[in-house]
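The values are calculated or read from the model by the stated rules, or taken from the named source; none is laboratory data. Just so you know, these numbers come straight off a predicted model, no measurement behind them. Cβ sites come from the backbone with ideal geometry, for glycine too, and all protein chains shown count toward neighbours.
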Amino acid sequence: MGFNVKCLSGDRHIKQLKIHEDNGALTVAYRDQNIDDDDSFVLELLWTYIPRSHFSQIGESSGTAHRDLSSPIPVGKAVLRGFSFTYASDDHHLAQIKLLPDLTGSVSIAFRDKDGHEDFDWVYEWGILLY
């Protein structure tokens, strides 16, 4: 999965960014703290459906953090199935978003503004491919 999200009204604060797949249906959330949701955005999504039979395991990891972290996942070739990042308090400018799995059983995670000290909730939906 690859994606590009761009706010059409320029540089914006963000509270949540989420892409979630459920039986072939995609849900996308891109929002700030305002309820009016009058901000338009463009989403470019590169997505491939992989049948469940091609995975040894599927699951999700989640938590709350306030800085970059590493989280355990099963060892193997991990595929991004979906994610959600939500700032716990206000919305913030976004400096970095990262979900980078390795083959040894961990994923590096970041969702940060420039100072990197804001609490955020995260969900990483993964699948481990069969060899």
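So that you can scan it fast, the table gives a plain yes or no per residue for (1) in contact with an Asp or Glu (Cβ under 7 Å, 6 or more places away or on another chain); (2) among the small types (Gly, Ala, Ser); (3) at pLDDT below 85; (4) farther than 24 Å from residue 23 by Cα:
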{"site": "58", "(1), (2), (3), (4)": "no, no, no, no"}
{"site": "77", "(1), (2), (3), (4)": "no, no, no, no"}
{"site": "83", "(1), (2), (3), (4)": "yes, no, no, no"}
{"site": "131", "(1), (2), (3), (4)": "no, no, yes, no"}
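Can you find a residue that is under 15 Å from the mean Cα position of the chain (by Cα), surrounded by fewer than 12 Cβ atoms within 10 Å (Cβ to Cβ), modelled with pLDDT under 80 and among the charged types (D, E, K, R) anywhere in the range 30-46? Yes, that holds for at least one residue.
Would you mind stating whether residue 99 is of a type outside the set (D, E, K, R) and part of a loop (DSSP other than H, G, I, E, B)? Judged against the criteria, residue 99 is not a match.
Taking the listed residues 128, 97, the one that is under 19 Å from residue 32 (Cα atoms), touching a residue at least 24 places away in the same chain (Cβ under 8 Å) and either of a type in the set (A, V, I, L, M, F, W, C) or exposed (fewer than 12 other Cβ atoms within 10 Å of the Cβ) (or both) is 97, with no other qualifying. Checked against (1) buried (at least 20 other Cβ atoms within 10 Å of the Cβ); (2) closer than 23 Å to residue 21 by Cβ, residue 112 passes all but condition (2).
Among residues of the range 1-24 that are over 12 Å from residue 93 (Cα atoms) and of a type in the set (Phe, Trp, Tyr), none has a beta-carbon under 8 Å from a residue that is in a loop (DSSP other than H, G, I, E, B) and at pLDDT 80 or above at least six positions away or on a different chain. Within the range 102-121, the set of residues being among the hydrophobic types (A, V, I, L, M, F, W, C) and assigned to a loop (DSSP other than H, G, I, E, B) comprises just one member, 103.
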